[in-house]
1. Between B:Gln82 and A:Asn150, what's the calculated FRET efficiency when r is the beta-carbon distance and R0 is 35 Å? Round to 0.05.
2. Over the Cα atoms of the protein assembly as shown, each weighted equally, I'd like the Debye log10 I(q)/I(0) at q = 0.05, 0.06, 0.07, 0.11 Å⁻¹, rounded to two decimals.
3. What is region A:159-246 by shape, rounded, prolate or oblate, if you read a ≥ b ≥ c off the alpha carbon gyration tensor as root eigenvalues and call it rounded for a/c under 1.5, prolate for a/b larger than b/c, and oblate otherwise?
4. Tell me the volume per residue, in Å³, of the convex hull enclosing the alpha carbons of region A:115-201.
5. Solvent-accessible area of B:Leu131, probe 1.4 Å, all protein chains present, reported in Å² to the nearest ten, please.
6. For A:Arg256 and A:Leu271, compute 0.36 nm times the residue count separating them, minus their Cα-Cα distance, and round to one decimal in nm.
7. Report P(r) for region A:1-155: all Cα-Cα distances, bin width 5 Å, range 0 to the bin holding the largest distance, values in whole percent.
8. If you build the Cα gyration tensor of region B:9-66 and take the root of 5 times each eigenvalue, what three semi-axes come out, in whole angstrom, biggest first?
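The values are calculated or read from the model by the stated rules, or taken from the named source; none is laboratory data. If you're wondering where the values come from, they're calculated on a predicted model, not measured in any experiment. All Cβ positions, glycine included, derive from the backbone under ideal geometry; neighbour counts span all protein chains shown. These accessible areas exclude ligands, DNA and RNA; they are computed on the full protein's heavy atoms, side chains included. Shrake-Rupley method; radii C 1.70, N 1.55, O 1.52, S 1.80 Å.
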Amino acid sequence: MAKWFESHLPKIVLAPSFIAVLIFVYGFIGWTAWVSLTRSRLLPKYEIEGFIQYERLFDSPRWDTAITNLYIFGGLYIGISMVLGLILAILLDQNIRTEGAIRTIYLYPMALSMIVTGTAWKWILNPGLGVQNMVQGWGFENFTFDWLVNPDRAIYAIILAAIWQSSGFVMALFLAGLRSVDTEIIRAAQVDGIPTWRVYTAIIIPSMAPIFLSAFIVLAHLAIKSFDLVIALTGGGPGYATDLPATYMYAMAFSRGDIGQAASSAMIMMLVVFAIIVPYLYSELRVTKHD
Amino acid sequence: MTDATFSPARRQSALGKTALRWGLYIILALFAVYYLLPLFVMVTTSLKSLEEIRTGDLVALPREITFDAWRTAWSEACTGIQCEGVRPYFWNSVLIAVPGVVISTLLGAVNGYVIAQWRFKGANIIFALMLFGCFIPFQVVLLPMARLLGMMGIAGTIPGLIFVHVIYGIGFTTLFFRNYYVTIPQELVKAAKVDGATFLRIFWSIFLPLSLPIIVVSIIWQFTQIWNDFLFGVSFSQAGTQPVTVALNNIVNSTTGVKEYNVDMAAAIIAALPTLLVYVVAGKYFIRGLTAGSVKG
């Protein structure tokens with residue numbers, strides 16, 4: 001008995017965590033998927049009715065706004081963060097004496113809560129006393145910078161704050177990538193008289209493809225889950241102009257009392273993440289197996 | 001290519017190089033200003049009086065430094081109907097984060113040890129399933145979790161929030177420890193087994209003493225995650241058990257009375273201080289945690 005126990009101990013130790021993951025991740029996803037196929041409103045119902053909630057979802061102008069915003073937000077946030085991160089990494093890679101200090105400064109926003117970031121930017125961007133007022137005070141009376149309260153511009157205010165928060169992190173990823181490129185090849189290229197910018201565009205950047213992928217995955221994942229920053233900056237407003245899928249889901253679940261809509265919108269978010277993460281995880285795990 | 005221009009251009013290129021260097025430092029400095037400006041504005045605004053905020057410049061230093069806003073933010077500001085500042089919520093966050101971090105790190109260490117060193121059939125699949133759990137958008141578990149917490153009688157309580165953070169934290173902590181332990185040769189366990197050491201003893205006296213760096217990474221990661229969490233906090237708390245991020249949001253977005261920007265900023269800095277402190281003290285480990293999930297070690 002003691003021997004059996006000892007030999008099975010590894011499995012016994014792992015079991016609680018594994019069971020917890022099975023229930024609280026996969027079981028819960030199953031529950032949400034199930035409920036998304038019912039007519040649940042304030043309370044969950046369990047009779048399957050087909051895709052009625054998804055039809056309601058795609059007919060909803062508010063969801064339409066949320067998805068459009070996700071495209072705008074995701075595209076610009078990921079794109080600009082990657083470009084900015086890469087540029088900063090390359091600039092920092094030129095034997096900068098104060099590199100450590102600069103890196104610390106660029107990266108600290110990542111340690112902040114999105115709610116803190118949102119609070120700070122909400123104050124900076126508020127048209128009454130923020131940047132707009134300040135620049136007008138310098139004599140540019142006609143200067144307007146009202147992104148935060150302008151329904152057509154508010155999503156860009158969120159993008160601005162989101163980039164501020166995570167571009168430093170992308171910089172750190174790329175910097176680590178630049179440092180891992182084989183220095184022999186670079187030196188050989190320099191000996192051959194190839195200009196530095198060519199070394200970057202022809203040798204270093206192409207060899208960092210996996211880092212680009214990682215950065216993209218992380219940013220895409222952050223973009224889809226974005227919730228706190230929107231709540232803190234605009235609360236989804238003006239109106240629902242800055243709703244994202246995450247805020248739509250939350251509004252349906254906790255203020256509108258529409259469980260069916262909450263579940264179906266959560267499932268769509270899940271599927272988007274799934275489409276991005278699964279191929280990535282698959283390739284990662286396959287590589288580790290090879291080692 | 002360089003033959004024709006090499007020597008005459010040399011001096012000019014040295015000059016150009018210095019100019020380039022200067023340009024480089026200026027650009028880097030400008031970006032540093034961009035990243036630091038919001039923090040600077042937060043700190044200076046929190047030290048100004050409301051009068052000065054209304055009449056003054058956004059980026060100007062305070063003419064007269066006052067800590068009134070900090071006092072108000074800490075113990076008087078209103079979050080909805082209660083006016084006790086962020087202090088009680090700050091302690092809520094501590095009460096949630098400390099057990100949440102300790103339990104999830106311990107579980108992660110044991111799980112990682114089993115998966116990396118006691119490979120049994122199916123261990124890789126279990127790991128893949130746990131890893132995937134790290135990446136789900138938590139919206140997909142919010143509704144059933146709310147119901148389950150209700151059924152367990154811990155809805156809206158601090159133990160409820162600890163439970164949620166532990167459950168959705170073990171995927172990451174397991175990943176950290178598994179990737180760390182996988183680099184330790186399996187011969188170590190084999191040799192120890194030959195010597196008669198048991199599963200737990202090998203963990204306790206061989207692996208744990210080796211694990212300090214990854215324990216630090218795990219603690220910092222989990223602490224930052226839990227402290228900065230908003231989604232779980234706002235979904236699963238009630239008046240009195242909210243974490244500091246939720247309280248901060250309530251203070252900033254409360255619509256009653258005069259908008260006290262200086263108090264908002266002081267409250268935001270208070271909410272940010274613990275994770276900022278961790279970052280300043282142990283930034284290296286913070287970055288390791290951030291990149292652990294995305295870059296192969």
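1. 0.55
2. -0.24, -0.35, -0.48, -1.12
3. prolate
4. That works out to 157 Å³ per residue.
5. Roughly 10 Å² of B:Leu131 is accessible to a 1.4 Å probe.
6. That works out to 3.1 nm of additional length.
7. That works out to 2, 6, 7, 8, 10, 11, 12, 11, 9, 8, 6, 5, 2, 1, 1, 0, 0, 0, in percent per bin.
8. Value: 41, 10, 7 Å, ordered largest first.
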